[in-house]
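What follows is a short report on a single structure.
The values are calculated or read from the model by the stated rules, or taken from the named source; none is laboratory data. Treat the numbers as computed from the prediction; the structure is a model and nothing was measured. Ideal geometry is used to build each Cβ from the backbone, glycine not excepted, and the neighbour counts take in all protein chains shown. Keep in mind that these areas ignore ligands, DNA and RNA; they rest on the heavy atoms of the full protein, side chains included. Shrake-Rupley method; radii C 1.70, N 1.55, O 1.52, S 1.80 Å.
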Amino acid sequence: MHDKPGNIVILTGAGISAESGVATFRGPDGLWEGHRVEDVATPEAFARDPRLVQNFYDQRRAALAGVEPNAAHLALARLDREWSGDLLLVTQNVDDLHERAGSRRLLHMHGELRRAFCLSCDERQDSPATLIEGATCAACGASEALRPDIVWFGEMPYHMERIEEALSGADLFVSIGTSGAVYPAAGFVRVAAAHGARTLELNLDPSEGTSFFDEARHGPAGTLVPQWVDSLLG
Ligand code: NAD
Ligand code: ZN
């Protein structure tokens, strides 16, 4: 095991899954899989057109079956196994590629495609393959009451207390594959730095917050992340 244990907090975004074939949030056209973000990822969109939103997430969920973790997910899973210090991987991603790669110390701050919750009783549960046809809640039996367990714009991200506690104790904060445009995640670098952490960005191109990092390396996550993990584990 490692002889210089430290406290590492890692934040990942859609960019870490790009090389697996999962589209990022704002592609070159400014759209997410052909949709404006505000048409599929807000409570207002769901109230206005639930079938459009359910169909959108049903498709994203179905697409998970055709993708695999890439070298970046696998390297972070290796780091999780071999790092003897504290480590927390916070992902904004709603895909399941980190857990399929083997990461265990993992929080999904924006929810998960494979989970749903009941609008009638609030109970979280594994999602059926599709929600558009009105799935039945496993807890209360309500029909047509399940929505994707996804944190939409305007909703409160999950696990914020645990994340802020980890950030305040971090020696190293690393941000991977995220544009730095979505708050509160985009502010984590400043929280960690304010508590004395060293900060590192690994992203395809400079993020909106790149100047807040002590160091930034730009390139594909599938190359940069394994390099970084190798150098850390020696
Ligand atoms: P984003 O799309 O805003 O930014 C992605 C960033 O990754 C960009 O800066 C881009 O330059 C970079 N990038 C692209 N390809 C890369 C590669 N191969 N290697 C390294 N970096 C690469 O994504 P975000 O910042 O995560 O936005 C957050 C929102 O997107 C979240 O709410 C999240 O739930 C949602 N989202 C998740 C997924 C997913 O689960 N895979 C996919 C799309 C959107
Ligand atoms: Zn219910």
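Quick notes on this structure:
- Looking only at the stretch 90-113, and only at residues there that are surrounded by 15 or more Cβ atoms within 10 Å (Cβ to Cβ) and among the basic types (Lys, Arg), the one that is farthest from ILE176 (Cα to Cα): ARG100
- Residues that are within 30 Å of GLU144 (Cα to Cα) and β-branched (Val, Ile, Thr) number at least 2 in the following helices (runs of 4 or more DSSP H) confined to the stretch 1-115: 37-40.
- Subset tally (residues that are without any contact (Cβ under 8 Å) to a residue 24 or more places away in the chain and not charged (D, E, K, R)) for the stretch 197-221: 6
- VAL174 vs. criteria touching a residue at least 12 places away in the same chain (Cβ under 8 Å), open to solvent by less than 10 Å² (accessible area, probe 1.4 Å) and farther than 17 Å from GLY85 by Cβ: no
- Number of the condition not met by VAL67 [criteria: (1) within 15 Å of ligand 1 (Cβ to nearest atom); (2) under 21 Å from LEU202 (Cα atoms)]: (2)
- Residue among GLY6, GLY34 that alone is in contact (Cβ under 8 Å) with a residue 40 or more places away in the chain and surrounded by fewer than 19 Cβ atoms within 10 Å (Cβ to Cβ): GLY6
- In summary, helices (runs of 4 or more DSSP H) completely within the stretch 133-234 and bearing 3 or more residues that are under 30 Å from GLN59 (Cα atoms) and not polar (S, T, N, Q) occur at 221-233.
- Of residues in the stretch 180-208 being buried (at least 18 other Cβ atoms within 10 Å of the Cβ) and at pLDDT below 95, the one farthest from GLY111 (Cα to Cα): GLY180
- Boolean, PRO148 is in contact (Cβ under 8 Å) with a residue 40 or more places away in the chain and within 16 Å of ligand 2 (Cβ to nearest atom): yes
- Restricting ALA139, ALA116 to those that are within 24 Å of ASN55 (Cα to Cα) and surrounded by fewer than 18 Cβ atoms within 10 Å (Cβ to Cβ) reduces the list to ALA139.
- Subset of the stretch 119-130 [out of contact with any Phe, Trp or Tyr (no Cβ under 9 Å at 6 or more places or on another chain) and either within 16 Å of ligand 1 (Cβ to nearest atom) or within 10 Å of ASP149 (Cβ to Cβ) (or both)]: ASP126
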